[in-house]
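Trainee: Pasting a structure below so you can have a look.
The values are calculated or read from the model by the stated rules, or taken from the named source; none is laboratory data. Since the model is a prediction, treat every value here as computed from it, not as a measurement. Neighbour counts are summed over all protein chains in view; Cβ atoms, including those assigned to glycine, are modelled from backbone coordinates with ideal geometry.
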Amino acid sequence: MSKTTPRGIRNKNPGNLEWGDPWQGLDAAGKGQDSRFAVFTAPAWGIRALARTLITYQDKYGIRTIDAAIRRWAPPVENDTGSYVRAVANAVGVSPVAPVNFHDHDILRPLVEAIIRHENGAGPLRTLNTWYDATTIDEGLRLAGVVQPKPALATVEGAAAGTAVAAGGAAAITEVVAQLAPAVTQVQGVSTATAGLPGWLRAVIVLLTVAAVVAAGVVLVQKSKRAKAVQQ
């Protein structure tokens with residue numbers, strides 16, 4: 001890796017955590033590379049340490065806001081903490097003093113990405129100018145015990161099936177759900193494509209997509225009933 005690459009990225013420690021804690025995934029020979037900041041064997045372990053630190057702020061010290069977390073993470077004595085707080089809060093899409101849950105994937109992920117970006121500068125990947133792709137970030141969060149909820153496929157299909165029962169009887173369920181399979185796949189795609197957006201915006205987009213799927217179910221049932229009426 002080039003020496004022009006930021007220190008945190010070279011150390012696979014994008015949060016620039018210092019040596020001291022017995023983190024999982026530490027590189028035993030890393031002190032020969034950097035005597036101050038910890039060195040990890042893979043980026044996911046460094047991301048895990050970053051995420052676990054934020055979770056500990058909440059669980060052990062009762063820190064529940066971006067402002068309080070960043071002021072502990074980057075004290076004013078060494079940093080322009082005010083600027084840091086504003087950048088991270090804007091990335092997460094919340095007020096710096098709004099209570100948030102660091103166990104929530106939709107909060108923790110953009111928070112981690114924003115810290116990585118602030119600590120290391122803009123990365124080479126086009127999406128949000130990050131250093132790591134979504135898979136690496138999510139793996140680090142998974143190792144920290146925080147995972148993204150799976151798209152509610154059963155809920156989408158169940159809504160379509162429920163609509164079918166209400167509009168045309170149980171016999172319509174199989175036909176409607178089968179015809180809506182591409183739309184259900186679209187919901188999955190929307191959930192994945194919006195992974196980097198603030199949680200509230202992702203929820204709105206996915207809910208609108210689900211509503212469209214259910215509406216399509218109504219149309220399909222109505223068409224099916226009309227077709228059967230003509231045949232009779």
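Trainee: Is it fair to say Ala49 is touching a Gly at 6+ places or on another chain (Cβ under 6 Å) and crowded, with 18+ Cβ neighbours inside 10 Å?
Mentor: In short, no.
Trainee: What do you reckon, is Lys60 among the basic types (Lys, Arg), surrounded by fewer than 22 Cβ atoms within 10 Å (Cβ to Cβ) and within 25 Å of Arg71 (Cβ to Cβ)?
Mentor: yes
Trainee: Still on this structure, I have one more. Quick one: Ile55 ticks every box in (1) surrounded by fewer than 16 Cβ atoms within 10 Å (Cβ to Cβ); (2) modelled with pLDDT of 95 or more; (3) not in a loop (DSSP other than H, G, I, E, B) bar one, so which box is it?
Mentor: With (1) surrounded by fewer than 16 Cβ atoms within 10 Å (Cβ to Cβ); (2) modelled with pLDDT of 95 or more; (3) not in a loop (DSSP other than H, G, I, E, B) applied to Ile55, the lone miss is (1).
Trainee: Could you say whether any residue in region 36-45 is in contact with a helix residue (DSSP H, G or I) (Cβ under 8 Å, 6 or more places away or on another chain), without any contact (Cβ under 8 Å) to a residue 40 or more places away in the chain and over 16 Å from Arg7 (Cβ atoms)?
Mentor: Within region 36-45, not a single residue is in contact with a helix residue (DSSP H, G or I) (Cβ under 8 Å, 6 or more places away or on another chain), without any contact (Cβ under 8 Å) to a residue 40 or more places away in the chain and over 16 Å from Arg7 (Cβ atoms).
Trainee: A further question follows. Go through (1) in a helix (DSSP H, G or I); (2) under 21 Å from Asp133 (Cβ atoms) for Asn13 and report which single condition fails.
Mentor: (1)
Trainee: Keeping to region 60-118, report how many residues are on the phi > 0 side of the Ramachandran plot and free of Cβ contacts under 8 Å to residues at least 60 places away in the same chain.
Mentor: Here the count works out to 1.
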